[in-house]
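**Student:** Shown below is the structure under consideration.
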Amino acid sequence: MTSAQPSPDLLLVLLEVSRSGKFTTAGESLGLNHTTVARKIAALEKSLGGRVLARAAGGWELTPLGERAVGVAAQVADAVGRLGPGREDPITGVVRMTATDGFSAYIASPAVARLRAEHPGLTVELVTVTRRALQQRSGVDLEVVVEGEPQVHRAHAVRLGEYTLGMYASREYLARHGAPRTPEELARHGLVYFVDSMLQIDDLDTPRRLAPEMRDGLTSTNVFVHVEATRAGAGIGFLPCFMADRHEDLVRLLPDYFREQLPYWMVLRPDSYRQPAVAAVAEALRDQMERSRPMLLGLKHASEGRPVPSGEGADPEPSPV
């Protein structure tokens, strides 16, 4: 017996569930209760002759059949949206993404701001987190992660580019404690960095690998805390250059030894990328990465240098970066 053709209404319900990963959240967006959403999903599965959703950690994830159905649902939503008054722009609706703190502030924020200037019907929900790419990404259209090439299931991973990290200290801190001239001299300084026991990304463990004698000074899960704690003199911070170089009171140390480059990867579900709004956000992020390449690679002060203050143990000449 052949299955009945699914109605557009049922497909649009599945599309909303795929975006949030939850029946309750999808129901709130659609003006339906949880039971009605569940009933419509069951009706869609009956018409398609198979499961479109599977249980996952924290919600629901699309099955292969569900991914195909959502691809069609996105086209239906796009077509319906163009029929309404003032809805000719297909780049509308909500895009949900996750990214690291620094990327969110200095890459995603200006990219989204520029995109929204052209497409005011677009909303971007940005959750900041530092972790590996998810294996179940229900409720997230797009992730930006820091790691080697993500090994992901039923998703596209696109390399966005690289950024550089280095050791930094405040001028006041160096005037009081002296500037370390060798990696070994770092042993008498406290490290400002991520909480070791909570660090999920192996590639971010560079300072503890290259300077294992350094004791932890102040640790945090937030990179903005690293920057401000380093500026306040809590120790020597291992910081993204594109964040540290914004502050004239920070000095880069031992750049020839501590120069770590890490990649940003963008991970998207295939059904998400077929949505015009998600594709537009992804393209805006790629464009902003290219615009920001010198900043990300720590080249801002490459030609001018940044002198270390005079004092005990300070270098008399600027350190190139």
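**Student:** May I ask you to derive the relative contact order of the stretch 184-239, considering only C-alpha pairs under 8 Å and at least 6 residues apart, and to give it as an integer percent?
**Tutor:** On the way: 86 pairs, mean separation 26.9, N = 56.
Relative contact order comes out at 48 percent.
**Student:** Of all beta bridges DSSP finds with both residues in the chain, what is the antiparallel percent, to the nearest 5?
**Tutor:** 65
**Student:** May I pose another question? For the stretch 162-262, what relative contact order do you get, as a whole percent, if you take Cα pairs closer than 8 Å and at least 6 residues apart?
**Tutor:** Once normalised by length, the contact order is 50 percent.
**Student:** Continuing with this model, one more query. Could you rank the peptides 113-120, 176-183 by their average count of other C-beta atoms within 10 Å per residue, with the highest value first?
**Tutor:** 176-183, 113-120
**Student:** Compute a Gaussian network model of the chain, connecting alpha carbons closer than 10 Å, and tell me which residue from Val158, Val70, Val146 fluctuates the most.
**Tutor:** Val158
**Student:** Next question, about the same structure. Return one quarter of the surface area of the convex hull spanned by the alpha-carbon atoms of the chain, equal to its mean projected area, in nm².
**Tutor:** 18.3
**Student:** Report the residue, chosen from Tyr163, Tyr273, Tyr257, that carries the largest GNM mean-square fluctuation when the chain is represented by alpha-carbon nodes joined by springs under 10 Å.
**Tutor:** Largest GNM mean-square fluctuation: Tyr257.
**Student:** Given the options Arg171, Arg188, Arg159, which has the most mean-square fluctuation in a GNM of the chain, springs set between C-alpha atoms less than 10 angstrom apart?
**Tutor:** Arg188
**Student:** Okay, next question. So what is the calculated 222 nm ellipticity per residue for the chain, using -39500 (n - 2.57) for each DSSP H run with n of 4 or more, over all residues, to the nearest 500 deg cm²/dmol? Write out the running numbers ahead of the final one.
**Tutor:** Numbers: 12 runs with 115 residues, N = 321.
After summing the helix terms and dividing by the residues of the chain, the value is -10500 deg cm²/dmol.
**Student:** Still on this structure, I have one more. Only loop residues by DSSP count here, and only those with at most 13 other Cβ atoms within 10 Å; note down the trypsin sites (Lys or Arg not before Pro) in the stretch 203-247 that meet that.
**Tutor:** Arg246
**Student:** Sticking with the crude label model, points 7 Å out along Cα→Cβ, report the distance from Ala42 to Leu210 in nm, one decimal please.
**Tutor:** Rounded to a tenth, the inter-label distance reads 5.9 nm.
**Student:** Using only alpha carbon pairs under 8 Å that are at least six residues apart, calculate the relative contact order of the chain and give it in whole percent.
**Tutor:** 21
Every number in this text was worked out from the coordinates using simple rules, so none of it is lab data. This one's a predicted model, so the numbers in the text were calculated from it and none came from an experiment. Positions of Cβ are backbone-derived with ideal geometry, glycine not excepted, and every protein chain shown enters the neighbour counts.
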